Amino acid sequence: MTFFTEFGRYLLMLKGMFSKPENGRMYWKEFMHQCSELGIGSLGIVAIISVFMGAVSTLQTAYQLVSPFIPKATIAQIVRDTVILEFAPTLVCIVLAGVVGSKIASELGNMRVSEQIDALEIMGINTKTYLVMPKIVAALVVIPMLVVISGVLGIWGGKFAGTVTGILSAQIFDRGLLQYFQPYNVFFALIKAYTFAFIISSIPAYYGYYVKGGALEIGRASTKSVVVSCIMILFADYLLAQLLLNSPGA
Amino acid sequence: MIEIKNIKKSFGDKIVIDGVSAVMQSGKCNLIIGTSGSGKTVLMKCMVGLLVPDSGEILYNGKEFGHMNTEHRKELRQQIGMLFQGSALFDSMHVEKNVMFPLNMFTHDTYAEKLRRVNEVLDRVNLNGVNKKFPAELSGGMKKRVGIARAIVLNPKYLFCDEPNSGLDPQTSLLIDKLIQEITIEYNITTIVNTHDMNSVMETGDHIIYMYQGLKEWEGSRKEIIFSKNKRLNDFIFASEFLRDAKDMRMLEAKGKIDNDRDMDELLK
């Protein structure tokens with residue numbers, strides 16, 4: 001199948017999601033269920049990654065800043081900006097593409113193969129609205145939250161590693177955090193989080209929803225969805241950085 | 001009443017259904033039979049709207065399914081119940097939630113009313129005490145019965161069953177057949193069953209359509225099937241020697257040649 005055929009079908013799937021829900025309460029329940037599955041379910045791995053990523057950033061930045069003329073507070077500034085601009089949104093979303101993406105693709109794929117999607121269609125339920133939309137909306141709600149949590153935990157991890165190893169004191173780290181802080185960076189990180197959330201929910205949903213065959217094809221669809229999501233995240237990351245950080249107006 | 005007119009469906013170059021027309025009789029158990037790959041499942045999927053035919057018409061009480069708008073189609077689909085080959089129960093929900101799902105989606109009844117209805121249909125399919133069991137904990141026959149319960153919970157007008165006996169032992173198959181037949185009469189449903197199980201044909205087929213390589217080869221009742229001279233149908237229905245002998249005996253019986261046990265013994269020699 002050509003790229004354009006697949007892309008067209010992906011767009012049609014997204015278009016098909018917009019229809020009047022048969023029963024608002026059931027859709028709300030499904031949305032909340034997805035929020036819990038995608039958000040709470042990924043919280044542990046996000047927390048672990050974030051703390052270590054911040055800690056490693058502090059240690060590696062300190063290792064590279066060997067000049068006595070550079071104040072120690074600079075380490076905190078670098079850790080803060082690295083975590084906010086790149087690590088929290090991009091790295092966490094790439095991990096989530098694996099965790100959340102494979103879950104969405106395999107769940108929908110299994111429902112397709114075992115005719116559960118057909119059963120819903122026969123009942124008169126728009127399966128794109130009932131199955132795909134709550135996942136995408138839930139991802140758009142919880143993934144930016146996870147990115148914010150990741151940013152906070154990342155910076156905390158950096159501070160913890162810095163103070164425990166004696167690279168810099170907590171006071172110097174805090175001072176560094178506040179120096180030259182640009183709130184625009186947080187806005188940029190959230191734009192990235194929303195974009196990546198859409199990518200890591202809609203692409204696996206597409207691959208899972210249209211899977212054909214059996215267990216082997218579900219596995220293949222799941223893997224393919226993660227690979228495509230990761231590539232799209234990196235592509236979108238570059239595009240957003242170019243548009244929002246390096247364009248003449250920024 | 002469901003009427004299909006000149007339905008054609010192909011996948012790529014392969015023609016799967018080649019101009020099939022038939023009328024599914026109201027309040028009766030209509031059987032679509034045929035060998036694997038004869039197009040019966042595709043025909044059923046076209047009838048329920050899971051596949052779009054290349055040409056032809058599917059009429060529900062005179063209204064063309066393909067020309068209905070989304071709202072009318074949704075309304076019609078709420079009058080359709082379907083039992084899938086693999087039961088298609090929702091893995092993440094226990095039996096009670098599976099059966100209650102259509103009620104939750106399409107009614108505004110209280111929980112107590114919905115639970116009463118769920119227990120009523122579960123009782124009707126002879127399943128008690130399994131409300132909190134998950135599909136993975138059920139046997140094949142039980143899954144089929146939960147599938148039937150879910151299909152009839154909204155009191156549908158049409159019941160479609162895709163190979164209801166596949167993967168079941170003969171005894172359980174007979175139970176499922178009997179259940180489908182009883183429900184058809186009790187709820188006055190138009191039932192359409194896809195099968196290649198000969199017990200089903202002989203037990204439940206009020207009206208039978210035999211498909212062969214995408215074409216309707218024969219149509220009639222289960223009484224007529226015994227006396228049919230269609231070679232392909234006979235080869236399919238009476239595939240084993242045992243069934244062929246049974247057919248011969250039935251024909252002889254009908255002609256009055258078997259009058260007593262002695263004649264029967266002679267025939268069996």
- Counting Lys and Arg as +1 and Asp and Glu as -1, what is the net charge of the other residues whose Cβ lies under 13 Å from the Cβ of residue A:75? +2
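Can you tell me the relative contact order of chain A? Whole percent, Cα pairs under 8 Å, sequence separation 6 or more.
The value is 33 percent.
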- How would you order A:153-160, A:164-171, B:137-144 from highest to lowest mean count of nearby Cβ atoms within 10 Å? A:153-160, B:137-144, A:164-171
- Across peptide B:102-110, what mean number of C-beta atoms from other chains lies inside 10 Å of a residue's C-beta? 3
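If I require 30 Å or longer along the helix axis, counting alpha carbons, and a Kyte-Doolittle average no lower than -0.5, what helices from chain A are left? Use full DSSP H segments. Present the calculation step by step, with values, prior to reporting the outcome.
Details: long enough: A:41-64 (36 Å, 1.27); A:133-165 (47 Å, 1.66); A:183-209 (39 Å, 0.91); A:215-244 (42 Å, 1.32).
Within chain A the helices that satisfy the rule are A:41-64, A:133-165, A:183-209, A:215-244.
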- Mean Cβ neighbour count within 10 Å, used as a protection proxy, ranking B:68-75, A:99-106 highest first: A:99-106, B:68-75
- Calculate the translational D of the range B:2-231 in whole µm² s⁻¹ from Stokes-Einstein, where the hydrodynamic radius comes from the Kirkwood formula applied to all Cα pairs, the temperature is 4 °C and the viscosity 1.567 mPa s. 71
- Could you give the size of the charge dipole of the protein assembly as shown about its Cα centre, using +1 on the Cβ of each K and R and -1 on the Cβ of each D and E, expressed in debye and rounded to the nearest 20? 1140
- Message: Under 5 Å between amide hydrogens, which residues at least 5 positions from residue B:133 or on another chain qualify, with H placed 1.01 Å from N in the peptide plane?
- Response: B:95, B:96
- Residue-count net charge about residue A:210 - beta-carbon cut-off 12 Å; Lys, Arg +1, Asp, Glu -1: +3
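Past the 39 angstrom mark, what percentage of all C-alpha to C-alpha distances in the protein assembly as shown do you count?
42
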- Task: Classify the range A:24-243 as rounded, prolate or oblate from the Cα gyration tensor: take a ≥ b ≥ c as the square roots of its eigenvalues, call it rounded if a/c is under 1.5, otherwise prolate when a/b beats b/c and oblate if not.
- Result: prolate
- Taking Cα atoms, the helix B:140-152 axis meets the longest principal axis of chain B at an angle in degrees (rounded to 10) of 60
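Per residue of A:111-118, how many C-beta atoms from partner chains lie within 10 Å of its own C-beta, taken as a mean?
5
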- Query: In bins 10 Å wide, starting from 0, what share of all Cα pairs of the range B:108-247 does each bin hold, as a percent?
  - Reply: 10, 36, 31, 15, 6, 1
- Item | Gain in span if fully extended, residue A:140 to residue A:11, counting 0.36 nm per residue against the direct Cα distance | 44.7 nm
- Considering the options A:178, A:154, A:114, tell which one lies farthest towards the positive end of the dipole of the protein assembly as shown, charges being +1 on Lys and Arg and -1 on Asp and Glu at the Cβ, about the Cα centre. A:178
- Go through B:163-176, A:12-25 and give me the packing order, highest mean Cβ count within 10 Å leading. B:163-176, A:12-25
- Inter-chain Cβ neighbour average for residues A:120-132, partner chain, 10 Å: 5
- Task: Would you mind classifying the range B:33-131 by shape? Square roots of the alpha carbon gyration tensor eigenvalues, ordered a ≥ b ≥ c; an a/c under 1.5 is rounded, otherwise it is prolate if a/b is larger than b/c and oblate if not.
- Result: oblate
- Item | Average Cα contact separation per residue, the range B:27-158, under 8 Å, 6 or more apart, as relative contact order % | 30
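Since every read-out is calculated from the coordinates, none of them should be taken as a lab result. The structure presented is a predicted model; accordingly, all values stated were derived computationally and were not measured. Virtual Cβ from ideal backbone geometry, glycine too; neighbours counted across all protein chains shown.
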